[in-house]
Amino acid sequence: MIKKDLVEQVVEVRRKSDRIMSIKLVVGLEIFNVVNIYASQIGLDENIKRFFWKDLDKVIQSIPQTEKLLIGGDFNGHIGRRGDGYETIHGGFGYRERNSGGVSILDFAVAYELLIINSYSKKKEEHLIIFKSGNT
């Protein structure tokens, strides 16, 4: 977490869509780009999902490689319990079985050489679930 008193300047706030927003911050001598996303949900039209990933690609590609990148939010996919085939970006502590949304997340992380930080430490199962309604 970035402490408020360390943030010297918010340089830019960009809203790409209803599902993608980025904030550029100067912290000390570093520039951080924090991208917050809410991915298209399972059951939505494939074109909507494709547009989401294209938009996210555009946002990531617009960030200079000399700047730091943090992406957070809800990708609406399960990357699976283990890294099987994605060991370079998956720490081995995911949740349940991988689904098609999870494969999209993993492929995206590989393409941009990102780590899925949440998969690098073991957590209680109830801490792996972002949203829960009743017994589902």
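The values are calculated or read from the model by the stated rules, or taken from the named source; none is laboratory data. Note that the structure is a prediction, hence the values are computed from the model and not measured. FYI the Cβ positions are ideal-geometry reconstructions off the backbone, even for glycines, and counts take in every protein chain you see.
Structure data summary
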{"item": "Selection status of residue 72, small (Gly, Ala, Ser), in the same structural domain as residue 13 (by TED's automatic domain parsing), modelled with pLDDT of 90 or more and exposed (fewer than 15 other Cβ atoms within 10 Å of the Cβ)", "result": "yes"}
{"item": "Qualifying residue in segment 81-99 (condition: surrounded by fewer than 20 Cβ atoms within 10 Å (Cβ to Cβ), out of contact with any helix residue (DSSP H, G or I) (no Cβ under 9 Å at 6 or more places or on another chain) and in contact (Cβ under 8 Å) with a residue 24 or more places away in the chain)", "result": "yes"}
{"item": "Criterion violated by residue 111 - all others in (1) small (Gly, Ala, Ser); (2) at pLDDT below 90; (3) loosely packed, with under 15 Cβ neighbours inside 10 Å satisfied", "result": "(2)"}
{"item": "Single unsatisfied condition, residue 47 versus (1) farther than 15 Å from residue 75 by Cα; (2) surrounded by 13 or more Cβ atoms within 10 Å (Cβ to Cβ)", "result": "(2)"}
{"item": "The listed residue being touching a Gly at 6+ places or on another chain (Cβ under 7 Å) and aromatic (Phe, Trp, Tyr), out of 112, 86, 95, 120", "result": "120"}
{"item": "From 81, 50, residue being over 12 Å from the mean Cα position of the chain (by Cα) and in a helix (DSSP H, G or I)", "result": "50"}
{"item": "Answer from 22, 40 - the residue that is small (Gly, Ala, Ser), crowded, with 17+ Cβ neighbours inside 10 Å, under 16 Å from the mean Cα position of the chain (by Cα) and assigned to a loop (DSSP other than H, G, I, E, B)", "result": "40"}
{"item": "Residue 57, sole failed condition from (1) outside any loop (DSSP other than H, G, I, E, B); (2) farther than 22 Å from residue 118 by Cβ; (3) not polar (S, T, N, Q)", "result": "(2)"}
{"item": "Residue in segment 48-67 that is over 27 Å from residue 24 (Cα atoms), charged (D, E, K, R) and out of contact with any helix residue (DSSP H, G or I) (no Cβ under 6 Å at 6 or more places or on another chain) present", "result": "no"}
